[in-house]
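The structure appears right after this line, and notes come after that.
Only the coordinates and a few stated rules stand behind these numbers; no lab work does. Just so it is clear, the structure is predicted and the values come from calculations on it, not from any experiment. Backbone-built Cβ (ideal geometry, glycine too); neighbour counts: all protein chains shown.
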Amino acid sequence: MQLNHARILLTGATGGLGQALAGELSATGAALLLSGRNAERLAEIKVAPGTDYTTLQADLARGEGIAAAATAARHFRVNMLINNAGIGCFGLLEQQGWPPVEKVLAINLESPIRLTQALLPWLRAQPEAAIVNIGSTFGSIPFAGFAAYSATKAGLRAFSQALRRELADSLIRVVHVAPRAIDTALNAPAVNALNRYLKSHSDSPEAVAAHIVATLRNDRSESHIGFPERLFAWLNGFAPGLIDRGLAGKLAAIKQHASSQ
Ligand SMILES: NC(=O)c1ccc[n+]([C@@H]2O[C@H](COP(=O)([O-])OP(=O)(O)OC[C@H]3O[C@@H](n4cnc5c(N)ncnc54)[C@H](OP(=O)(O)O)[C@@H]3O)[C@@H](O)[C@H]2O)c1
């Protein structure tokens, strides 16, 4: 799809990556329906001059929020849904209560599936349409200290691939983009400290937004951002034991950082 013909519902538009994506997408001429929960941050999102855009305050962890977003999307005549809203959930599973785990499952996995399902009949009626899911490297390299988060992103990756196969005879494209760490507020201070200790690279939201727009422009369906993360994701697919052994050497540091928060 040519992005200057796109009318996009972008969830998580108030976040670090969302704001950068709103700027990058608006520069292509796309029209934007920007969704988030925080009204002040929604009002402050910067888009290119002349952009056709509007904002929507909705809590996507709630059924009413999903319904409101789907209604607004039909009203705005969207032909692209970008499921970007998400939260982190760093910690050792046995030290976490159920509420943070339930929350990350609801926001990172359940809400994109619900919103997609609510919008599919509308998107199917468009001459061309796309569903774009923002996953994570941890969806392909499930990481110690991120068990529930990794499960949501692996689930989102599987959802993207299954839906793409289910819609293969339709005009709806399904795209999955998996960034590595990004410099945003999603990462708790302990995660940033762990990334520094492990020398894990963290990208700017602007660089990731540019990569996502390039993926859409080039009509690619799958994109993993960063090297060696791309290599390790591929390796984990057929030799997970190698990744088990590599991560075992980092476990003490991961435990120490997880317990420090
Ligand atoms: N940061 C990273 O290291 C990293 C790495 C790989 C992938 N990702 C993925 O990139 C995406 C964007 O993350 P980010 O780094 O930009 O995080 P962020 O800065 O913390 O932004 C998160 C966004 O999600 C929204 N959100 C959270 N809970 C919501 C809810 N219940 N209903 C509606 N919206 C909700 C927030 O809205 P409000 O602020 O308005 O509540 C905010 O717009 C996520 O899917 C994340 O998993 C991030």
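Laid out as a table, the results:
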item: Rounded to whole Å, sorted largest first: equivalent-ellipsoid semi-axes of segment 1-137, Cα gyration tensor; result: 26, 17, 13
item: Globularity index of segment 7-73, i.e. its alpha-carbon radius of gyration over 2.2 N^0.38 Å; result: 1.02
item: Axial C-alpha extent at least 24 Å, average Kyte-Doolittle at least -0.5 - helices from the chain (DSSP); result: 147-166
item: Pairwise label distance in nanometres, residue 75 with residue 193, each label 7 Å out on the Cα-Cβ vector; result: 4.5
item: Hull volume in cubic angstrom per residue (convex hull over the Cα atoms of the chain); result: 122
item: Highest-first arrangement of 188-195, 67-74, where packing means the average Cβ count within 10 Å; result: 67-74, 188-195
item: Candidate aspartates and glutamates for bridging to residue 46, where Cα separation is under 19 Å - those fewer than 8 sequence places away on the same chain excluded; result: 24, 183, 206
item: Ratio of Rg to Rh over segment 96-144 (Cα coordinates, Kirkwood Rh, two decimals); result: 1.11
item: Proximal aspartates and glutamates relative to residue 199, as straight alpha-carbon distance under 13 Å, when same-chain residues fewer than 8 apart are discounted; result: 229
